[in-house]
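Down below is the structure, laid out as structure tokens.
The values are calculated or read from the model by the stated rules, or taken from the named source; none is laboratory data. On a predicted model such as this, the values are computed, not experimentally measured, just so you know. So basically every Cβ, Gly included, is an ideal-geometry build from the backbone, and we count neighbours across all protein chains shown.
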Protein chains: 2
Amino acid sequence: MMQNGHAPIIILVRPQLGENIGKAARAMLNFGLTEMRLVAPRDGWPNPSAGPAASGADIVLANAQVFETLGEAVADIHHVYATTVRKRGVTKPVVTPETAADEICAAPGKSAILFGAERSGLDSSEVGMARKIITVPINPDFGSLNLAQAVILCAYEWSKRQQLVSPPATEIAPPAPQAELDGMIEQLFSMLNEKGYFYPPDRTEVTQGTLRNLLTKPGWNSGEVRTVRGMLSVLKKGKGDARTPD
Amino acid sequence: MMQNGHAPIIILVRPQLGENIGKAARAMLNFGLTEMRLVAPRDGWPNPSAGPAASGADIVLANAQVFETLGEAVADIHHVYATTVRKRGVTKPVVTPETAADEICAAPGKSAILFGAERSGLDSSEVGMARKIITVPINPDFGSLNLAQAVILCAYEWSKRQQLVSPPATEIAPPAPQAELDGMIEQLFSMLNEKGYFYPPDRTEVTQGTLRNLLTKPGWNSGEVRTVRGMLSVLKKGKGDARTPD
């Protein structure tokens, strides 16, 4: 699993709808976060609406810990981040999810990210529990992130920094060796020559240079070069005499 | 506003629920993307469920363009990306949302990102229209991104680059719009068909898909596409009846 000692704990403070708790769990697990804490969920816990919305992230919900106060929920946490839209009068550092993820991955000890109630967000005493604030740089003319979206962006940034979540390695074949490409180009030039394409003669070199550039650009692999050669053969002689591609 | 000439267009292919179209619009506008296209939305358009789910992103929905086919929707696009979970046998480069955002910000011409239907995703012929694939590096044990989440991560990565990236001054011609590429491909298919290349008939679709992938890969610009079409004309009719390439 991707989880390591520094994976941040997601703390939902006074969440309202069970559905949103489930969606947050799903967002977390998509990016390898598994530890959720709930502070004074409005409708109690467990909440029957959470499971269906989690789309299979039941393990996160099953292991969620519930606390009556935020103080209890963060008692063992070394680095508390509060998510909020930026407010006047804030006297704490404000960081992006990117920077927070960098810090969390480098920090010794446990980190947690606080998310407030769906509409009202975190109040100032709750923000006061945090050392730093995370603000997502959002469209200033339309800021409308919901809880699960805020969670997923923080989880995604954390996940990007984990060695185990490497970008998908492409299994793409390398470009064909130059000799194979040259064979294909010669075949084409020969066909074009028969049809009178290289006329007038004094422009032949320039024209061939143009075509060579164009045919080098794709980076076709050996199989693709064979396919092109097969097509050329068919265009010249018809299917009966030509090899079928692949 | 953050919007600039290179902001990617979000194309939802065969979206099912209006609610999900609305959520995608909200996700887009949160990060400054405003241009949405819909290909064959299952329940028609406009859809009364979309507006409430957009949470105020009505401008995106109001301006959404609807197309019957994906081919029409991407006709004017130079850089088409397909989002997909990883599949075996993919013969295109696979990039992360991060890398795609880097590329889109640096690329001349219009870019678009395709998102498939909610459950089934993009089919292989739809993926075949794209030059590259975007895959979000997700928890391998629990991959459950919904449409709006996939959209928001791509939009977020694009948005992050807007403060930093100035419009590129590259003089490289962009890939030809998709419609020009399609014209070239149709010309080739027609010639191959006359020569009996597509035999047996039950393999035609697969073979055409292979060729389309191969011909999409180069990213030929408009001039290169014209050159290829000129060559094809000469191969068919000889120099006398064909246009000379520049």
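Report whether or not B:Lys195 is modelled with pLDDT under 90 and more than 18 Å from the chain's Cα centre (by Cα). Working first, answer last.
Numbers: modelled with pLDDT under 90: no; more than 18 Å from the chain's Cα centre (by Cα): yes.
Considered against the rule, which asks whether it is modelled with pLDDT under 90 and more than 18 Å from the chain's Cα centre (by Cα), B:Lys195 comes out as no.
If I filter segment A:169-182 for residues that are surrounded by fewer than 18 Cβ atoms within 10 Å (Cβ to Cβ), more than 30 Å from A:Pro15 (Cβ to Cβ), β-branched (Val, Ile, Thr) and more than 8 Å from chain B (Cβ to nearest Cβ), do I get at least one hit? Reasoning before the result, please.
If we filter segment A:169-182 for residues that are surrounded by fewer than 18 Cβ atoms within 10 Å (Cβ to Cβ), which is where we start, we get A:169-175, A:177-180, A:182.
Now drop any that are not more than 30 Å from A:Pro15 (Cβ to Cβ), which leaves A:169-175, A:177-180, A:182.
Among the residues that remain, those that are also β-branched (Val, Ile, Thr) are: A:170, A:172.
Still in the list and also more than 8 Å from chain B (Cβ to nearest Cβ): none.
No: segment A:169-182 contains no residue that is surrounded by fewer than 18 Cβ atoms within 10 Å (Cβ to Cβ), more than 30 Å from A:Pro15 (Cβ to Cβ), β-branched (Val, Ile, Thr) and more than 8 Å from chain B (Cβ to nearest Cβ).
Of the helices (runs of 4 or more DSSP H) entirely within segment B:34-143, those holding at least 2 residues that are in contact (Cβ under 8 Å) with a residue 40 or more places away in the chain and more than 10 Å from chain A (Cβ to nearest Cβ) occupy B:70-73, B:97-106, B:124-127. Looking across segment B:212-238, not a single residue is free of Cβ contacts under 8 Å to residues at least 60 places away in the same chain, over 12 Å from A:Thr210 (Cβ atoms), facing chain A (nearest Cβ under 7 Å) and charged (D, E, K, R).
Somewhere in segment B:190-201, is a residue outside the structural domain of B:Lys92 (by TED's automatic domain parsing), among the charged types (D, E, K, R) and more than 30 Å from B:Gly18 (Cβ to Cβ)?
First pass over segment B:190-201, keeping only residues outside the structural domain of B:Lys92 (by TED's automatic domain parsing): B:190-201.
Add one more test, that the residue is among the charged types (D, E, K, R), and what stays is B:194-195.
Still in the list and also more than 30 Å from B:Gly18 (Cβ to Cβ): B:194-195.
Yes - at least one qualifying residue is present in segment B:190-201.
Residues of segment B:146-161 that are more than 14 Å from B:Ala101 (Cβ to Cβ) and surrounded by fewer than 22 Cβ atoms within 10 Å (Cβ to Cβ): B:Asn146 alone. Annotation for segment B:105-120: no member residue is at pLDDT 90 or above and at positive phi. A:Pro48 meets the conditions (1) at pLDDT 95 or above; (2) buried (at least 20 other Cβ atoms within 10 Å of the Cβ); (3) more than 21 Å from the chain's Cα centre (by Cα) in every case but one. The failed one is (2).
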